[in-house]
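Report on the following structure.
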Amino acid sequence: MIKEIVKYPRTPSKEFGTSVRFFDAKLFELIQDIKDTMNANSLDALAAFQIGSPLAVIVLKDEKGEFVEIINPVVIKREGSIHPVETTAYFPGLSATTTRYEKIKLMYSDRNDTQQFLEANGDLAITLQRKIDYLFGANIRLRLSKEEEAVFDSKLEFGTDAITQNGCPTVFKRDRILRAIKYLFALGIVALAAKFFLLAENIVLLKMMENYILLSMIALSVVYFFYAQYEGKQYKHCSSCQIGNIIGTTLISLVRTGVLFALCHFIL
């Protein structure tokens, strides 16, 4: 059965890392639920924690796309240190640079309660470490440096992955206003070009349309100026240069409006 994947900030239980003691139909049902959920969400690995179970169970897909069932895993060997950029279904749409072991060796049980061993490196080692963290109620945030943790907390607060070390996103919601202004400007130019193909009685309608476009561009420029400042103040680590950028961008939008106004004046 397909289950809902637990996402931040919800936690499924106060019990974590519960060892599997009974290898019975209830366990097999849980494993099947994990597999179904993985397939439904196109995931390569999933821990029981992520669908609300405290049991120490992980299911992953190997290179052949076949499921590997890992029960009661224990890391018995660790080597090296790497700093991968990780993503996880628990924090959808967000990434973070963590610290992980480069190579690990696991001891675990299969569904027949037979002891198995698995050596992993690279992406597989990273994935296994992330899933094992979940079995104990942890997540990637606990694997971050203080600097990365501050950045990640900003990502969580504002719901965007487009935030850098200085705490400022590289993409803002206000950019949508700028796109609207650009589209209106392009529409105004196209409408002016259409003047040479219209009948005289349609010119009045064209002038009215251009006036609406000009008024909309002015209004959006004003909205952008004030909203951009409001949005910028939400990012505590943003530098004051952002204000200058906002003013400059607003002036560019007003220049576009002025150019379109001048063209309308001389062409219409």
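Checking E149 against (1) touching a helix residue (DSSP H, G or I) at 6+ places or on another chain (Cβ under 7 Å); (2) charged (D, E, K, R); (3) loosely packed, with under 15 Cβ neighbours inside 10 Å; (4) over 30 Å from A48 (Cα atoms): exactly one of these is not met. Which one?
Of (1) touching a helix residue (DSSP H, G or I) at 6+ places or on another chain (Cβ under 7 Å); (2) charged (D, E, K, R); (3) loosely packed, with under 15 Cβ neighbours inside 10 Å; (4) over 30 Å from A48 (Cα atoms), only one is false for E149: (4).
Exactly one of these conditions fails for M1: (1) surrounded by fewer than 18 Cβ atoms within 10 Å (Cβ to Cβ); (2) over 23 Å from the mean Cα position of the chain (by Cα); (3) in a helix (DSSP H, G or I); (4) among the aliphatic types (A, V, I, L, M). Give me its number.
With (1) surrounded by fewer than 18 Cβ atoms within 10 Å (Cβ to Cβ); (2) over 23 Å from the mean Cα position of the chain (by Cα); (3) in a helix (DSSP H, G or I); (4) among the aliphatic types (A, V, I, L, M) applied to M1, the lone miss is (3).
Filter region 38-78 down to the residues that are surrounded by 12 or more Cβ atoms within 10 Å (Cβ to Cβ) and among the acidic types (D, E), then identify the one that is farthest from D113 (Cα to Cα).
Within region 38-78, the match that is farthest from D113 (Cα to Cα) is D44.
To keep it simple, each residue is scored yes or no on (1) under 21 Å from I140 (Cα atoms); (2) assigned to a loop (DSSP other than H, G, I, E, B).
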{"residue": "V6", "(1), (2)": "yes, yes"}
{"residue": "V20", "(1), (2)": "no, yes"}
{"residue": "L27", "(1), (2)": "no, no"}
{"residue": "Q32", "(1), (2)": "no, no"}
{"residue": "M38", "(1), (2)": "yes, no"}
{"residue": "K64", "(1), (2)": "no, yes"}
{"residue": "V68", "(1), (2)": "no, no"}
{"residue": "P73", "(1), (2)": "yes, no"}
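Test of understanding: among I163, I213, I203, I181, which residue is at pLDDT below 90, of a type in the set (A, V, I, L, M), more than 30 Å from A47 (Cα to Cα) and not assigned by TED's automatic domain parsing to the domain that holds H83?
I203
Could we say that V68 is in contact with a helix residue (DSSP H, G or I) (Cβ under 6 Å, 6 or more places away or on another chain), closer than 14 Å to L128 by Cα and in the same structural domain as R130 (by TED's automatic domain parsing) here?
no
K195: surrounded by fewer than 18 Cβ atoms within 10 Å (Cβ to Cβ) and either at pLDDT below 90 or among the acidic types (D, E) (or both), yes or no?
yes
The values are calculated or read from the model by the stated rules, or taken from the named source; none is laboratory data. Since the model is a prediction, treat every value here as computed from it, not as a measurement. Counting neighbours? That spans all protein chains shown, and the Cβs are built from the backbone with ideal geometry, glycine included.
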